[in-house]
Amino acid sequence: MKGGITGLVFDIKRYAIHDGPGIRSTAFLKGCPLDCLWCHNPEGKDPRPVLSFVEARCLSCGACAAACPEGAIDFSPGSFPKTNRERCTACGACAAACPTGAREIIGRRYTPQGLIEELLQDRPFFEASGGGITFSGGEPLAQPEFLRECLILARKKGLHVALDTSGYAEPRLFLELARLSHLVLYDLKDMDEERHRKNTGVPLAPIMKNLQSLFEEGIPVWIRIPVIPGMNDGPETIRAYVDFLSRLPTKPPVFLLPYHDIGKEKYRRLGVPSRLDGLKPPSRARMEELARAFSKAGLEVHIGG
Amino acid sequence: MTERVKRLREASMAAQPTISAERAKIVTDFYRENLGKYPPPILRALAFKEICEKKEIYIGEGELIVGERGPGPKLVPTYPELTCHSLSDLEILNTREKTRYRVPEEAFELYEREIIPFWRGRSLRDRMFSLLPQEWKDAYEAGIFTEFMEQRAPGHTAGDGKLFRMGLFDFKKKIADSLARLDFERDPEAYEKQAELIAMDIAADALITLARRHAQAARALAERTSDPKRRAELLKIAEVCEWVPAHAPRNFWEALQGYWFYHLAVITELNGWDAFNPGHLDQHLFPFYKKDIESGALTPEEAKELLSCFWIKFNNQPAPPKVGVTAAESGTYNDFVNINLGGLTPDGKDGSNELSYLILEVADELHLLQPQVNLQVSRLTPDSLLEAACRVIRKGYGYPPLFNADMVVQELLRQGKTIEDAREGGTSGCVETGAFGKEAYILSGYFNLPKVLEITLNNGWDPRTKKRIGLETGDPRDFESFDELFSAWERQLRHFIDVKIRGNAIVQGLYAAEMPAPFLSIIIDDCIEKGKDYNAGGARYNTTYIQGVGIGTLTDSLSAIKHHVYEWGTITMDELLEALSTDFEGRETLRQLLLNKTPRYGNDDDRADGLMRRAFEAFFRAVEGRPAPRGGVYHINMLPTTCHIYFGQVTGATPDGRLAWQPLSEGISPVQGADRNGPTAVIKSVAKMDHAKTGGTLLNMKFSPQVLSGEEDIRKFARLVRTYFTLGGHHVQFNVVSARTLREAQKNPEEYRGLLVRVAGYSDYFCDLSRKLQDEIIARTEHEAL
């Protein structure tokens, strides 16, 4: 028994219907080594808890400033409180004092048992639908010890487990944790080494290698491609995706995830600048056009989820 | 849709509901002449006969199924013997902005000259109010409960398979047998039974007469019609109406027309709640359908056209207009006909068949306000049917609602029905469970659960009507524990249930003695065998329901008190009471704290859900099993229709942070916006209630259309529903429409006239709803998926 492992989870989404088969609950683990321009879960990037502030819900009552032990909140009546994020330790005192829930600490510490227990709340739905649980992030492999314990526990409980990953991890560790999963949802963010590095901050080669090892091991994989207009949706990139995927011995299903700008609001709440302001989500017609390129090559392709 | 159906549908939708004084005139003339000459059942039967003989017969252009309650489509009769509209009532109906009923000048005149002078002080409602005690009136005016039967007769029932296997001659035979068995020597009630049975016989003949008058009219029309095709149709109509409902139907067409005459009879005799309803229509019609298709007498297209014509007939019958409190409870043209599909057969097999799909298709294509159609989902119901229903739900007009057929059976068994009677039962009205064709399951009134808490927090005093209407259970500032508060609430609850039940005895007694329903009694077992009227306890099973409203608001309020006052010490009882008495004036911070930092129902959080169970069980204990004077016992169910709006308007601020006069939570749904963990958490929470102890619960869920966009989404959605039913849920219904669309519709009603949404146990045109109700629907949590 390894005692004392805990993990940081920034969200649990129930009735997740786009994260693997059936009805699922998805746990989002905090921390991610990538730095994707289009990231729609910016609150998941930092491996530590972060403070989120929803201005629209703030009453300007000042309870937060009074509660802050660091003196990190400036407040004058009639205006919104200003948080000095340099001094904020995300201790949560302001969130506890906030009457409206406008201030919230993103990132809750769980033991593996605690997390699995919470995910098990929806077990009847999993069983009726052939669903289960999905670990996502952030990058779930960024908390490998915690993830390992969770995967083992989940399997013991007889749950179907999916791992939603960028594939950017140390190969041995990656394979070990992938083997503990029933299905890997694998993000393939670009096919161009140069651009991949530029837009995500990490190289593509190790990701391709880890993917290869999944195929060799016979671990079921669903490929997920975020479609970011003007970045990875050019004809050459699409051709590269199709060529690569259609040559695989067992062709994995492909999910094209249209870029969306719902993340924008989250950036505001965290006080972090969004880098893709003004980028429009691709149209339905455009997504269908892209999907046709995949299905023509004999690939099973889905739009969304 | 065929051209004929298109035309009939458009005509039905375009017709403005208009008051017809025809029935009022016939009934008033008859009563003036005959009141006091006959025992009540015979008087009622003769009045019904008079209507059947004198009412205008309407056969519309292109119609295949015939018969209207009034002199034409959407011409709505009144029932002055029950409640006599005053001239100002009629004026309100004629001019109100929403759900208007046009009142022609001659109706005003007739009412002024003949109807009102005769019925004032004589109508059942007038006498009812003169008999009800002051304690009842005080609680009623405070908005603790409503009374269903002040303007409408009990009704609340549905038909079973015998309507498709028997004709009225068969029923007459049964009546004659029962008459022959009367024991005038030893049975002190023999003369009453005799009168009741004679009345039933008169009523049966009256309906046969009405059908034959339609046959004659069709023949006369045929003679004047030059189009040979229409002439043949009219002759066919004549032939059908000569055969049914006198005899058992022989084919699909006769089965539909036969039922329609029964329906007309029930809703003409009295204005009973929820009109009437053919029960498991797919099961009842299937043998006729199969036989006609196999013999080549009917094609599936013809069957669909007949069904469509039948469907439109329901839409032609808007609810009889109400006024005052009852209008606020359900301000709608919808009369709550609720046709059941799927479910189980009486011997426990899957009840669905080809017609289940065809009827679903008809309901989808016509998407009319009425009739409602629901799917009874049992463990045997094929996924293909459930998913077909989900595809209709996706379109966003709020139906079909989905019911757990296995739970409905369990509820009925718990109430003491036989297994066969339970399986032939189902759901009528909104979500009410009943043994079709064999039970009078009468809703007696909504009950305002949070208002009882308000009275408790004020030590028996109602701040709005400024009267002491409850018990003095103590000043809550002196309560040392939450349990003390809870038991004070429970004592108040029992007190008001007692008041309600004592009032019900008076109301039910009046109906039993003076307003029997001999026609309805023919077709509900065992009224004939017992020689007893439906309204007097003649049915095989008799249930009186009291419907709890606002369990979400109550739970969150209890949770706020328990946690903030007694466990965490965040606030004192004194502060809370002070804030409530001033409607949180100047205390927005406190209100936000209560709203946002309280464990709330609908999040799969036992701290709140446990309180819901505790309150629910207390309500159950207060009502369950109490005897009703007409026979049978009381049970509870949990549905609001639109009463959560009215109850909200009479309830001050509540400890959950709800402002005064705002809507309560509806059905068993969480408070609007309080559920923040998605649909599975809502389902888990509401399933913690023991649905088997109710006669129906109502859960509303709102999904954004994008959650249901793909086929895979439909499959998962269907699984979500199945899981709710596995967990023991009774019913769920969905609005699949975005808040943005609804706000748009508020701004530009003209462009959204046809937008149907789910309100409570029924759909309604969004633009016909009161602004408050529109806002309430928009405020319901919308489940999204990313």
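The values are calculated or read from the model by the stated rules, or taken from the named source; none is laboratory data. None of these values were measured; they are calculated from a predicted model. Positions of Cβ are backbone-derived with ideal geometry, glycine not excepted, and every protein chain shown enters the neighbour counts.
Determine whether the stretch B:539-562 contains at least one residue that is farther than 17 Å from residue B:631 by Cα, away from every other protein chain (no Cβ under 14 Å), touching a helix residue (DSSP H, G or I) at 6+ places or on another chain (Cβ under 9 Å) and surrounded by fewer than 24 Cβ atoms within 10 Å (Cβ to Cβ).
yes
Which residue pairs have Cβ atoms under 6 Å apart, sit 6 or more places apart or on different chains, and have a first residue in the stretch B:722-747 that is more than 18 Å from residue B:432 (Cα to Cα) and among the basic types (Lys, Arg) and a second that is outside any loop (DSSP other than H, G, I, E, B) and at pLDDT 90 or above?
Close Cβ pairs satisfying both conditions: B:722/A:128.
Please work out if residue B:745 is more than 11 Å from chain A (Cβ to nearest Cβ), small (Gly, Ala, Ser) and outside any strand (DSSP E or B).
yes
Name the one entry in B:171, B:145, B:164 that is out of contact with any Phe, Trp or Tyr (no Cβ under 9 Å at 6 or more places or on another chain) and among the aromatic types (Phe, Trp, Tyr).
Within the list B:171, B:145, B:164, the selection yields B:171.
Residues of the stretch B:769-784 being aliphatic (A, V, I, L, M), under 14 Å from residue B:642 (Cβ atoms) and either within 14 Å of another protein chain (Cβ to nearest Cβ) or not in a loop (DSSP other than H, G, I, E, B) (or both), which ones?
Answer for the stretch B:769-784, where residues must be aliphatic (A, V, I, L, M), under 14 Å from residue B:642 (Cβ atoms) and either within 14 Å of another protein chain (Cβ to nearest Cβ) or not in a loop (DSSP other than H, G, I, E, B) (or both): B:773, B:777.
Looking at the stretch B:661-679, can you tell me whether even one residue there is outside any loop (DSSP other than H, G, I, E, B), crowded, with 24+ Cβ neighbours inside 10 Å and within 14 Å of another protein chain (Cβ to nearest Cβ)?
Yes.
Are any residues in the stretch A:262-301 without any contact (Cβ under 8 Å) to a residue 40 or more places away in the chain, of a type in the set (D, E, K, R) and within 14 Å of chain B (Cβ to nearest Cβ), and if so, which ones?
Matches in the stretch A:262-301: A:264, A:265, A:284, A:288.
Answer yes or no as to whether residue A:290 is surrounded by 14 or more Cβ atoms within 10 Å (Cβ to Cβ), among the aliphatic types (A, V, I, L, M) and more than 18 Å from the chain's Cα centre (by Cα).
Considered against the rule, which asks whether it is surrounded by 14 or more Cβ atoms within 10 Å (Cβ to Cβ), among the aliphatic types (A, V, I, L, M) and more than 18 Å from the chain's Cα centre (by Cα), residue A:290 comes out as yes.
From the list B:122, B:127, B:102, pick out the single residue that is touching a strand residue (DSSP E or B) at 6+ places or on another chain (Cβ under 6 Å) and surrounded by fewer than 19 Cβ atoms within 10 Å (Cβ to Cβ).
B:102
Please go through the stretch A:96-152 and give me each residue that is within 14 Å of chain B (Cβ to nearest Cβ), free of Cβ contacts under 8 Å to residues at least 12 places away in the same chain and under 28 Å from residue A:53 (Cα atoms), ordered by number.
Passing the criteria: none in range.
Residue by residue, here is whether (1) more than 26 Å from residue A:222 (Cβ to Cβ); (2) aromatic (Phe, Trp, Tyr); (3) touching an Asp or Glu at 6+ places or on another chain (Cβ under 7 Å) holds:
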residue: A:21; (1), (2), (3): no, no, no
residue: A:31; (1), (2), (3): no, no, yes
residue: A:39; (1), (2), (3): no, no, no
residue: A:43; (1), (2), (3): no, no, no
residue: A:56; (1), (2), (3): yes, no, no
residue: A:59; (1), (2), (3): yes, no, yes
residue: A:71; (1), (2), (3): yes, no, no
residue: A:81; (1), (2), (3): yes, no, yes
residue: A:105; (1), (2), (3): yes, no, no
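Does residue B:81 satisfy the criteria of being touching a Ser or Thr at 6+ places or on another chain (Cβ under 7 Å), of a type in the set (Asp, Glu) and either crowded, with 18+ Cβ neighbours inside 10 Å or under 19 Å from residue B:125 (Cα atoms) (or both)?
yes
So, of the residues in the stretch A:5-25 that are within 15 Å of residue B:719 (Cβ to Cβ) and of a type in the set (A, V, I, L, M), which turns out to be modelled with the highest pLDDT?
Among residues in the stretch A:5-25 that are within 15 Å of residue B:719 (Cβ to Cβ) and of a type in the set (A, V, I, L, M), the one modelled with the highest pLDDT is A:23.
Can you tell me which residues in the stretch B:682-716 are crowded, with 21+ Cβ neighbours inside 10 Å, in contact (Cβ under 8 Å) with a residue 40 or more places away in the chain and within 14 Å of chain A (Cβ to nearest Cβ)?
B:682, B:683, B:684, B:685, B:686, B:687, B:701, B:702, B:703, B:707, B:708
Go over the candidates B:188, B:154 one by one and state the one that is within 26 Å of residue B:38 (Cα to Cα) and within 25 Å of the chain's Cα centre (by Cα).
B:154
Residue check: is residue B:227 over 22 Å from residue B:41 (Cβ atoms), over 29 Å from the mean Cα position of the chain (by Cα) and at pLDDT 95 or above?
yes
Can you find, within the stretch B:739-784, the residue that is surrounded by the fewest Cβ atoms within 10 Å (Cβ to Cβ) among those that are modelled with pLDDT under 85 and of a type in the set (S, T, N, Q)?
B:748
So, in the stretch A:219-249, of the ones that are assigned to a loop (DSSP other than H, G, I, E, B) and without any contact (Cβ under 8 Å) to a residue 12 or more places away in the chain, which residue ends up surrounded by the most Cβ atoms within 10 Å (Cβ to Cβ)?
Among those residues, the one meeting the criterion is A:234.
List every residue pair whose Cβ atoms sit under 8 Å apart, with the two residues 6 or more apart in sequence or on different chains, where the first one lies in the stretch B:279-294 and is of a type outside the set (S, T, N, Q) and the second, anywhere, is part of a helix (DSSP H, G or I) and surrounded by fewer than 20 Cβ atoms within 10 Å (Cβ to Cβ).
As it stands, the answer is B:286/B:354; B:289/B:354; B:293/B:300, since those pairs meet every condition given.
Filter the stretch A:293-305 down to residues that are surrounded by 16 or more Cβ atoms within 10 Å (Cβ to Cβ), assigned to a helix (DSSP H, G or I) and not aromatic (Phe, Trp, Tyr), then give me how many there are.
Of the residues in the stretch A:293-305, 1 are surrounded by 16 or more Cβ atoms within 10 Å (Cβ to Cβ), assigned to a helix (DSSP H, G or I) and not aromatic (Phe, Trp, Tyr).
Pick out the one residue from B:732, B:682 that is of a type in the set (Val, Ile, Thr), more than 22 Å from the chain's Cα centre (by Cα) and closer than 30 Å to residue B:661 by Cβ.
The match here is B:682.
Does the stretch B:586-608 hold any residues that are touching a Gly at 6+ places or on another chain (Cβ under 8 Å), in a loop (DSSP other than H, G, I, E, B) and within 7 Å of chain A (Cβ to nearest Cβ), and which are they?
B:597
On the basis of being surrounded by fewer than 24 Cβ atoms within 10 Å (Cβ to Cβ) and more than 23 Å from the chain's Cα centre (by Cα), does residue B:454 make the cut?
So residue B:454 fails the test.
When you go through A:50, A:54 one by one, which is the residue that is over 30 Å from residue B:713 (Cα atoms), touching a residue at least 12 places away in the same chain (Cβ under 8 Å) and within 14 Å of chain B (Cβ to nearest Cβ)?
Only one candidate passes the filter, namely A:54.
Do we have any residue at all in the stretch A:3-13 that's farther than 30 Å from residue B:711 by Cα, away from chain B (no Cβ under 11 Å), touching a Lys or Arg at 6+ places or on another chain (Cβ under 6 Å) and not in a strand (DSSP E or B)?
Checking the stretch A:3-13: at least one residue is farther than 30 Å from residue B:711 by Cα, away from chain B (no Cβ under 11 Å), touching a Lys or Arg at 6+ places or on another chain (Cβ under 6 Å) and not in a strand (DSSP E or B).
Looking at (1) surrounded by 15 or more Cβ atoms within 10 Å (Cβ to Cβ); (2) under 19 Å from the mean Cα position of the chain (by Cα); (3) assigned to a loop (DSSP other than H, G, I, E, B), which is the only condition residue A:275 fails?
(1)
Which of the residues that make up the stretch B:391-421 are surrounded by fewer than 23 Cβ atoms within 10 Å (Cβ to Cβ) and without any contact (Cβ under 8 Å) to a residue 40 or more places away in the chain?
B:392, B:413, B:418
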